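Below: the structure, in structure tokens.
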Amino acid sequence: MTTTDYDPNVVLSTENDFKVVGTRPVRHDGVDKVTGRAIYGADYDASGLLHGKILRSPHAHAKIISIDTSKAEALDGVHAVVTAADFPEAADKIMELGEDETKLRDLRGNILARDKVLYVGHAIAGIAATNAHVAEEALSLIEVEFEVLPSVMTTDEAMADGAPILHEDQTTEELGDDSGVVSNVAKHFQHIKGDIAEGFKQADVIVEREYNTVTVHQGYIAPHNGTAFWSADGRLHIWCETQGSFVVRDSLADLLDMPVSMIRVTPTEIGGGFGGKIPIYVEPVAALLSKKTGTPVKIVMTRKETFEGSGPTPGSKIKIKVGATKEGKITAAHAWMAMEAGAYAGSPVGAAAQCVFAAYDLENGLIDGFDVVVNKPKTAAYRAPGSPNAAFGFEQALNELAEKLGMDPIDLRLKNVATEGTRRVDGPVFQRIGAKEVLESMREHAHYLSEKQEGSGRGVAIGFWFNIGFDSACNIALNKDGTVNLTEGSTDVGGSRTSIAMQAAEVLGISAEDVRPSVVDTDTIGFTAVTGGSRTTFATGWAAYEAAQDVKKQCITRAASIWDVDPDHLQMEDGIISSKTDSELKMTIKELAAQLSDTGGGITGRASVKPRGVGGSFCGNIVDLSIDQETGKITIDRFTAIQDAGKALHPSYVEGQMQGGSVQGIGWELNEEYFMSDEGKMNNTSLLDYRMPTALDLPMIDTVIVEVANPGHPFGVRGIGEANIVPPTPAIANAVYDSCGSRITQLPMSPGSILEALKS
Amino acid sequence: MSGIIVVTNNFVRDIKDNQGGSLLKWIDYQAPESVADAVKILADSDGKARPLAGGTDLIVQLRVKDPRVNAETVVDIKKIPELNQMDYDKSGGLTIGAAVPLHLIYNNPDVIKHFPAIIDSASLIGGTPIQGRATLGGNLCNGAPSGDSIPNLVAHKVIATVAGPNGIREIPVEDVCTGPRQTSIDSNELLVSLYFPNPGEGFGANYIRFIPRNEMDIAVAGAGVSVNISNGKFVDARVCLASVAPKPILVEGASKALVGQPVNDESIQNAAEAAREAASPISDMRGTAEYRKHLCEVLTRRALNTAIERAGGN
Ligand SMILES: Cc1cc2nc3c(=O)[nH]c(=O)nc-3n(C[C@H](O)[C@H](O)[C@H](O)COP(=O)(O)OP(=O)(O)OC[C@H]3O[C@@H](n4cnc5c(N)ncnc54)[C@H](O)[C@@H]3O)c2cc1C
């Protein structure tokens, strides 16, 4: 253990009169997970199970002339082969996937390519066989004739005049209207506040620069997987790792053109997602194969398939121009952002636009966003999608501005900070937010006040994620021993089961351990949206709060009937029901629970909510690093993350999220990239060569939890899962600049590229 | 043959991973208890048998069905006594059997006392679990240009003892690797042991590699060096590079730049530049050719400085 002269994990609390909220109980799923008993998607087994494999495109862009599956079908052990032709025909429509939306036609095209393949790894056909070995062998027997087409890999290539076109029927939506122009730009939008031309006139200093980021993957440990059983009565049952079992159900219903009631999705434990397990990939293929064979079919991606055939987050080009007066008041800012959507429209550039300037109160701002298709896998959400790319540009530009102004970079930010009532450039007006408090605690942190070590560089930055609300449901049944069974539908990626249970426990005045939370299937709970957008603890927690209130009310009513008094005279505090007027009348929830059956039957509380009071979260970083001058290798020496949690329900979980987000941001910055060949093939499709940081590449990540309560939640909760991945990229870039005087505007900052920068 | 376990194809076929795929191709497993038996199995297998030491390369290659490893039989060599020996002899030399796992090497008192620099690579390869199984012999016979122990062995002037149908022969380690994953050890031969000769007076050695991360990576470049220093001058020196050519390369120019020269920054820099010139790397996802050549210079300089310090020369 290292010791420090400061507290490495601080919770700056504004309010603390809770019993359960704010404590650190052991997670309910902990024992199963550390002992290996927990069942993940790939663990699923069933009698008669067949194993599926998917044939994928070797080309980045090609027409499919013909597919001949006859030889594969004839192979001993092969039970069925499916292609896009096995999908029912259905009209196109827009599908909401939580953090994403996509066209049904595009989703279908991504799951099994119809006329064209649009990236290396694009799925073409599925095979079910007695084992994966046979299925794999059969893949090589499918004959596909391609007409290879020229491809585009970056927004520059895709937006160039005369660029090869991915979708002949895609015309650019230009500022809300269909331009009628066929192009790889699916959409160009703008957000305007004030008049930037006027603003730049008032500026004494202006910084203008271009920044580029490359495709990176979430890197969850468990590859995508799914098992489907299409039963003889026409009902489809899916077991899979997903961030949203209802998204899987509803997507499948659209794709397969069947009612949602015919589909049941059982979410297994999930080996990470970070947004990447919101979309579906293998489940529909397994379903079609099961329909053909009448037996359950399981498909598990390999790591290579996960890199090539699931959704990474995009490479992007960001141009920033920002001006300020001598006093440090920002007069205007322009962000021009083009993001790779991958093969189908829908990059996170829209979300990036909501985040890029969010921390600042700007009088004049302009945001241009371009959603651009390229011959790479369709991007998916990745922790605050789009926001890290945007921050890599704007938060670097701000430090450059601070340097020109001779100001401390945190002071510059504080001078322009957004607060309650600030209208963002993209429209919304902030409720109470904690941007200012985060910046202030950065400025006061022991790390920021400490002397830099000889030769090291220091950088700061902050980042934002707006968070989402959406639907959640929860049921709570009182057991006869006074514990409760809590069922909910939010698949648990980050410990949400426990933080949801804690909110019910707080209301009922019982311990977190006395709540048994279960994440159940889509037949067993009301509609619950994805685990994403940092919504789960906030929204499903709210459902648990409401369901617990329902239980509480029923407990009071039952006690009133037992005692034969008016329920309005009773109260329930700390798990004890008592009379406000008669001190003799007192009963614990456990005592009441024991008599339920004799006094009228069980008590079940329930709630379905769609809360609106979402509170965005800000996170700041202070980073110290050193650079090996001869090799260009960066060592992160010290890293502090400071985030507004609203209320940290379970501070250890919040710290874990902050540390995890920081690590992913560090990896994104330092070494992670899709290393593409000239033919558009990813060369580094293993975790050996896709270099995510290991524990040995990281310092301990110190945390400060700031608590500026969200007025839109009963306990003040804000979602905290995402904002923490935003500041590392610019904070590290700023530290590199501080260390060596070079502005790195291209990710990743691998040793070779840093050495180049050191030389110039 | 005694002590040979033949596992039927069907048994191995049934070992499934959790994806329902076979972990292994169906292959036979044999575990001879003498060099002679092992050589016989290899010779009778028409190139379709592979020695299995720690298996940390071989099993991975079989699992991913690497076409270069077309094995129908694996010959586990861990039960052969000669291959498990660790012998420090009167002449001051050390014999390490081909099946001795790395953890026994870096914990061995003779190694620690007389050949401490071999610990540089022995403790670098993989992590603790890998080091419980992996061997120097396997690292060498796998023949990867990036094999971390190979430059380290070459710098120690190690001699490989190889048994085959025609008896025993000895090969200097620098002559073992002939190309990427190709060696001069024939498919019907077995590496028995590695002999570290007495390094002589004023000896110091070092192996270092460059990787972008601090763990879980393949050397972008590596340098194994050794020096013998007497009266402030290099009387002998070796520099061997990893990952910058189709095989590990012994840099003759570096030895020339050092031997007979005084121990100073200039001679070290000359050797480092010779290493840079000798390297003929490719550009790939692990680094550009130019960057790798540059690293050869940096790593050679750094490794030489450590070796000199260890030799007590500075
Ligand atoms: C997680 C992980 C990390 C790794 N990290 C590193 C690293 O940092 N650096 C590095 O260099 N390597 C690394 N490796 C590769 C591997 O561990 C080493 O090359 C190791 O030294 C191989 O030894 P082994 O005994 O396991 O060889 P095996 O796998 O048993 O054999 C390797 C090859 O040599 C042949 N062979 C083995 N013994 C003999 C013999 N006596 N005679 C003839 N042929 C023989 C085998 O047939 C096979 O072709 C790593 C591997 C893994 C899985």
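Checked against (1) over 12 Å from the mean Cα position of the chain (by Cα); (2) at positive phi, residue B:107 meets all criteria but (2). Scanning the range B:129-150 for residues that are more than 24 Å from residue B:227 (Cα to Cα), assigned to a loop (DSSP other than H, G, I, E, B) and in contact with a helix residue (DSSP H, G or I) (Cβ under 7 Å, 6 or more places away or on another chain) returns B:132, B:134.
Residues in the range A:548-602 that are surrounded by 18 or more Cβ atoms within 10 Å (Cβ to Cβ), touching a Gly at 6+ places or on another chain (Cβ under 9 Å) and assigned to a strand (DSSP E or B): A:572 alone. For residue A:605, the criteria (1) in contact with a helix residue (DSSP H, G or I) (Cβ under 7 Å, 6 or more places away or on another chain); (2) touching a residue at least 60 places away in the same chain (Cβ under 8 Å); (3) in the same structural domain as residue A:453 (by TED's automatic domain parsing) hold in every case but one, which is (3). Mind checking which residues of the range B:129-159 are aliphatic (A, V, I, L, M) and either within 14 Å of another protein chain (Cβ to nearest Cβ) or near the ligand (Cβ under 9 Å from one of its atoms) (or both)? Answer for the range B:129-159, where residues must be aliphatic (A, V, I, L, M) and either within 14 Å of another protein chain (Cβ to nearest Cβ) or near the ligand (Cβ under 9 Å from one of its atoms) (or both): B:130, B:134, B:136, B:140, B:144, B:150.
Within the range A:131-148, count every residue that is more than 14 Å from chain B (Cβ to nearest Cβ) and in contact with a Leu (Cβ under 7 Å, 6 or more places away or on another chain). Residues that pass the stated criteria total 2.
When residue A:714 is tested against (1) in a loop (DSSP other than H, G, I, E, B); (2) open to solvent by less than 10 Å² (accessible area, probe 1.4 Å); (3) more than 14 Å from chain B (Cβ to nearest Cβ), just one condition goes unmet, and that condition is (2). For the residues A:158, A:128, the requirement of being crowded, with 22+ Cβ neighbours inside 10 Å, within 14 Å of another protein chain (Cβ to nearest Cβ), in contact with a strand residue (DSSP E or B) (Cβ under 8 Å, 6 or more places away or on another chain) and of a type in the set (A, V, I, L, M) singles out A:128. Taking the range A:169-196 as the range and being assigned to a strand (DSSP E or B) and polar (S, T, N, Q) as the test, the residues that pass are A:171, A:172, A:179, A:190. Once the range A:36-72 is narrowed to residues that are free of Cβ contacts under 8 Å to residues at least 24 places away in the same chain and more than 14 Å from every other protein chain (Cβ to nearest Cβ), the residue that is farthest from residue A:154 (Cα to Cα) is A:37.
Taken over the range B:263-306, the criterion of being outside any helix (DSSP H, G or I) and either within 14 Å of chain A (Cβ to nearest Cβ) or open to solvent by less than 40 Å² (accessible area, probe 1.4 Å) (or both) is satisfied by B:263, B:279, B:281, B:282, B:283, B:284, B:285, B:286, B:287, B:288. On the phi > 0 side of the Ramachandran plot and more than 14 Å from chain A (Cβ to nearest Cβ) - does that describe any residue in the range B:219-226? Checked against the condition, which is being on the phi > 0 side of the Ramachandran plot and more than 14 Å from chain A (Cβ to nearest Cβ), the range B:219-226 yields no hits at all.
Applying the criterion of being in contact with a strand residue (DSSP E or B) (Cβ under 9 Å, 6 or more places away or on another chain) and acidic (Asp, Glu) to the residues of the range A:619-650, the residue that is farthest from the other protein chains (Cβ to nearest Cβ) is A:644. Counting only helices (runs of 4 or more DSSP H) that sit wholly inside the range B:32-128, those with at least 2 residues that are near the ligand (Cβ under 10 Å from one of its atoms) and in contact (Cβ under 8 Å) with a residue 24 or more places away in the chain are B:35-44, B:58-63, B:118-122.
Of all the numbered requirements in (1) assigned to a loop (DSSP other than H, G, I, E, B); (2) over 22 Å from residue A:669 (Cα atoms), residue A:333 misses one, and that requirement is (1).
Conditions tested, residue by residue: (1) part of a helix (DSSP H, G or I); (2) crowded, with 23+ Cβ neighbours inside 10 Å.
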{"residue": "A:485", "(1), (2)": "no, no"}
{"residue": "A:501", "(1), (2)": "yes, yes"}
{"residue": "A:505", "(1), (2)": "yes, yes"}
{"residue": "A:526", "(1), (2)": "no, no"}
{"residue": "A:530", "(1), (2)": "no, yes"}
{"residue": "A:534", "(1), (2)": "no, yes"}
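Only a single item in (1) at pLDDT below 95; (2) outside the structural domain of residue A:258 (by TED's automatic domain parsing) is not met by residue A:201, and it is number (1). The residue that is least open to solvent (accessible area, probe 1.4 Å), among those in the range A:61-92 that are at pLDDT below 95 and more than 22 Å from residue A:298 (Cα to Cα), is A:90. Only one of (1) under 11 Å from residue A:703 (Cβ atoms); (2) within 11 Å of another protein chain (Cβ to nearest Cβ) fails for residue A:674. Which number is that? Condition not satisfied by residue A:674: (1).
The values are calculated or read from the model by the stated rules, or taken from the named source; none is laboratory data. These figures come from a predicted structure and were not determined experimentally. As a convention, Cβ positions derive from the backbone with ideal geometry for all residues, glycine included, and neighbour counts pool all protein chains shown. Remember, those area values only see protein heavy atoms, side chains included, never the ligands or the DNA or RNA. Shrake-Rupley method; radii C 1.70, N 1.55, O 1.52, S 1.80 Å.
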